[in-house]
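Novice: The structure under discussion is supplied below as structure tokens; questions concerning it will follow.
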Amino acid sequence: MNAAVDKWIRTHTEDLVQWRRHIHANPELARREYATTEFVATRLAAAGLAPQVLPKGTGLTCDIGPTTGSRIALRADIDALPLQELTGATYSSTVPGVSHACGHDAHTTILLGTALALSEIPDLPVGVRLVFQPAEEVMPGGALDVVAAGRLEDVSRIFALHCDPRLEAGRVGVRLGAITSAADTVELVLESAGGHTSRPHLTADLVHALGTVVTGLPGMLSRRIDPRTSTVMVWGAVNAGQAPNAIPQTGMLAGTVRTGDHATWELLEPLVREIVHGLLAPTGVGYQLDYRRGVPPVVNDEVSTRMFEDAIRAVGPNALADTPQSGGGEDFSWYLEEVPGAMARLGVWSGEGEQRDIHQPTFDLDERALEVGVRVLTGLALGGSDPGGS
């Protein structure tokens with residue numbers, strides 16, 4: 001069966017590149033991925049497959065192989081970022097202010113290639129559900145749309161690849177346990193009567209209270225939570241006042257709280273609320289706290305991780321790499337609330353020059369990684385029955 005995949009890749013390598021460049025040049029934001037959905041659906045249907053568009057009109061799923069017994073899912077995200085591209089590539093985004101700066105064009109292409117390669121192989125050892133998911137780049141994420149549509153109900157485990165510019169093309173990193181972090185947002189609005197800086201005792205000093213929270217909340221969290229959970233809070237925005245001699249009436253703080261531990265994620269919101277109240281109560285400053293939960297951490301289970309490792313090793317003797325836990329969030333984690341699974345990191349760096357990070361306007365990738373991704377995902381389907389399946 002691997003010989004059949006080799007033949008498909010040799011025949012369609014140029015197609016993979018062209019598909020990726022077409023998607024890259026025509027990016028679509030979350031839940032607006034109509035043309036991308038049609039692009040994928042048309043090619044799946046031409047191969048004799050039966051794609052099913054999700055209820056909201058973007059994204060789709062498609063089944064291949066046996067309809068009874070174990071079924072695994074392979075997921076790709078299809079949306080782009082609201083970011084102007086500055087790569088200068090001939091296939092640059094044609095949509096102002098929108099680009100595939102996170103590699104979702106590659107994810108979509110790889111899963112499409114995997115689908116078409118598998119469609120030519122009779123008697124797959126396991127059923128495969130292809131999940132082309134919309135809206136990964138917005139919270140709480142389009143993965144919840146897939147789950148709500150019931151598209152995971154008969155799936156035993158799920159897998160995904162994500163581009164990683166820190167790894168060279170040809171290498172794929174995976175780790176057991178948390179590979180991403182939970183990511184929540186905290187916004188705090190402070191309110192005071194205001195006053196003159198010469199008479200702070202006659203009002204509630206909003207800036208002093210703001211500073212107390214800026215340093216106090218991250219500091220207290222570091223004392224209340226086990227440091228081994230990789231929990232960190234960082235402020236990204238602090239605003240209050242304009243005049244040097246006037247205590248302002250309003251101020252705002254905004255930041256993120258991240259953790260690699262699922263149990264800690266469940267505790268964070270009530271703990272943040274408790275600490276903020278304790279810090280501000282003596283100041284007399286009023287406040288409104290908006291705590292928005294994002295996504296849980298992606299936690300790779302042992303069986304799925306081993307399955308990934310086997311598929312990666314089959315690509316080549318040096319393909320398998322270690323990878324650290326990321327502080328970033330990924331809505332793939334919502335699938336793992338339903339079924340076990342794993343995410344791996346696909347190397348996309350050429351090995352020369354600067355490693356341009358994702359979510360930057362200059363991000364691009366080595367297209368040799370497309371073939372590697374297809375080999376890994378087809379390897380998961382061809383590696384035999386899911387050990388955790390029915």
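The values are calculated or read from the model by the stated rules, or taken from the named source; none is laboratory data. As the structure is a prediction and not an experimental result, all values here were calculated from the model. No Cβ is skipped: glycine too gets one built from the backbone with ideal geometry, and neighbour counts run over all protein chains shown. These area figures cover heavy atoms from the full protein model, side chains too; ligands, DNA and RNA do not enter into them. Shrake-Rupley method; radii C 1.70, N 1.55, O 1.52, S 1.80 Å.
Novice: How about segment 66-119: which of its residues are open to solvent by less than 40 Å² (accessible area, probe 1.4 Å), touching a Gly at 6+ places or on another chain (Cβ under 6 Å) and either modelled with pLDDT of 95 or more or not small (Gly, Ala, Ser) (or both)?
Specialist: Result: Arg71, Ile110.
Novice: Being in contact with a Leu (Cβ under 8 Å, 6 or more places away or on another chain), under 26 Å from Thr259 (Cα atoms) and either in a helix (DSSP H, G or I) or of a type in the set (D, E, K, R) (or both) is the filter here; which residues of segment 308-332 pass it?
Specialist: Scanning segment 308-332 gives Phe308, Glu309, Asp331.
Novice: Ok, one more. Please state which one of Arg75, Arg32 is of a type in the set (Lys, Arg), out of contact with any Lys or Arg (no Cβ under 7 Å at 6 or more places or on another chain) and assigned to a loop (DSSP other than H, G, I, E, B).
Specialist: Arg32
Novice: Please go through segment 79-105 and pick out each residue that is in a loop (DSSP other than H, G, I, E, B) and hydroxyl-bearing (Ser, Thr, Tyr).
Specialist: Correct list: Thr87, Thr90, Tyr91, Ser92, Ser93, Thr94.
Novice: On to the next question. Taking segment 2-45 as the region of interest, how many residues are among the hydrophobic types (A, V, I, L, M, F, W, C) and either surrounded by fewer than 16 Cβ atoms within 10 Å (Cβ to Cβ) or in contact with a His (Cβ under 8 Å, 6 or more places away or on another chain) (or both)?
Specialist: Residues that pass the stated criteria total 6.
Novice: Find all pairs meeting these conditions: Cβ atoms under 8 angstrom apart; at least six residues apart or on different chains; first residue within segment 266-294 and at negative phi and of a type in the set (Asp, Glu); second residue open to solvent by less than 20 Å² (accessible area, probe 1.4 Å) and in a strand (DSSP E or B).
Specialist: Final answer for the pair search is Glu269/Asp184; Glu269/Tyr291; Asp290/Val186; Asp290/Leu188.
Residue-by-condition table, conditions (1) of a type in the set (Asp, Glu); (2) part of a loop (DSSP other than H, G, I, E, B):
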{"position": "Leu16", "(1), (2)": "no, no"}
{"position": "Ile23", "(1), (2)": "no, no"}
{"position": "Glu28", "(1), (2)": "yes, yes"}
{"position": "Glu38", "(1), (2)": "yes, no"}
{"position": "Gly48", "(1), (2)": "no, yes"}
{"position": "Pro55", "(1), (2)": "no, yes"}
{"position": "Thr61", "(1), (2)": "no, no"}
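Novice: Has segment 92-112 got any residue that is more than 30 Å from Arg356 (Cα to Cα) and either in contact (Cβ under 8 Å) with a residue 60 or more places away in the chain or under 25 Å from the mean Cα position of the chain (by Cα) (or both)?
Specialist: Scanning segment 92-112, I find no residue that is more than 30 Å from Arg356 (Cα to Cα) and either in contact (Cβ under 8 Å) with a residue 60 or more places away in the chain or under 25 Å from the mean Cα position of the chain (by Cα) (or both), so the answer is no.
Novice: Restricting to segment 46-63, and then to whatever is open to solvent by less than 10 Å² (accessible area, probe 1.4 Å) and within 12 Å of Ala115 (Cα to Cα), can you tell me which residue is nearest to the chain's Cα centre (by Cα)?
Specialist: Residue satisfying both the conditions and the ranking: Thr61.
Novice: Taking the condition assigned to a loop (DSSP other than H, G, I, E, B) and within 16 Å of the chain's Cα centre (by Cα), does Glu153 pass?
Specialist: no
Novice: Something else now. If you check Leu130, Leu144, which single one turns out to be touching a residue at least 60 places away in the same chain (Cβ under 8 Å) and open to solvent by 10 Å² or more (accessible area, probe 1.4 Å)?
Specialist: Leu144
Novice: Among the residues that make up segment 64-77, is at least one of them in contact with a His (Cβ under 8 Å, 6 or more places away or on another chain), closer than 20 Å to Val147 by Cα and of a type outside the set (Phe, Trp, Tyr)?
Specialist: Yes: segment 64-77 contains one or more residues that are in contact with a His (Cβ under 8 Å, 6 or more places away or on another chain), closer than 20 Å to Val147 by Cα and of a type outside the set (Phe, Trp, Tyr).
Novice: Within segment 16-39, is even one residue of a type in the set (Ser, Thr, Tyr) and over 21 Å from the mean Cα position of the chain (by Cα)?
Specialist: Looking for residues that are of a type in the set (Ser, Thr, Tyr) and over 21 Å from the mean Cα position of the chain (by Cα), one finds none in segment 16-39, hence no.
Novice: Still on this structure, I have one more. May I ask you to list the residues in segment 149-166 that are open to solvent by 20 Å² or more (accessible area, probe 1.4 Å) and in contact (Cβ under 8 Å) with a residue 12 or more places away in the chain?
Specialist: Answer for segment 149-166, where residues must be open to solvent by 20 Å² or more (accessible area, probe 1.4 Å) and in contact (Cβ under 8 Å) with a residue 12 or more places away in the chain: Ala149, Arg151, Asp154, Ser156, His162, Arg166.
Novice: Among the residues of segment 208-255, which ones are within 16 Å of Glu269 (Cα to Cα), surrounded by 16 or more Cβ atoms within 10 Å (Cβ to Cβ) and among the β-branched types (Val, Ile, Thr)?
Specialist: Scanning segment 208-255 gives Val213, Ile225, Thr229, Thr231, Val232.
Novice: Keeping to segment 333-383, report how many residues are of a type in the set (Asp, Glu) and either modelled with pLDDT under 95 or closer than 29 Å to Ser156 by Cα (or both). Talk me through it step by step, then tell me what you get.
Specialist: Within segment 333-383, the subset of a type in the set (Asp, Glu) is 337-338, 352, 354, 357, 364, 366-367, 371.
Subsequent filtering for residues that are either modelled with pLDDT under 95 or closer than 29 Å to Ser156 by Cα (or both) retains 337-338, 352, 354, 357, 371.
Looking only at that region, the number is 6.
Novice: Out of (1) touching a residue at least 12 places away in the same chain (Cβ under 8 Å); (2) more than 19 Å from Leu29 (Cβ to Cβ); (3) part of a loop (DSSP other than H, G, I, E, B); (4) open to solvent by 40 Å² or more (accessible area, probe 1.4 Å), what's the single condition that is false for Pro122?
Specialist: Among (1) touching a residue at least 12 places away in the same chain (Cβ under 8 Å); (2) more than 19 Å from Leu29 (Cβ to Cβ); (3) part of a loop (DSSP other than H, G, I, E, B); (4) open to solvent by 40 Å² or more (accessible area, probe 1.4 Å), Pro122 violates only (1).
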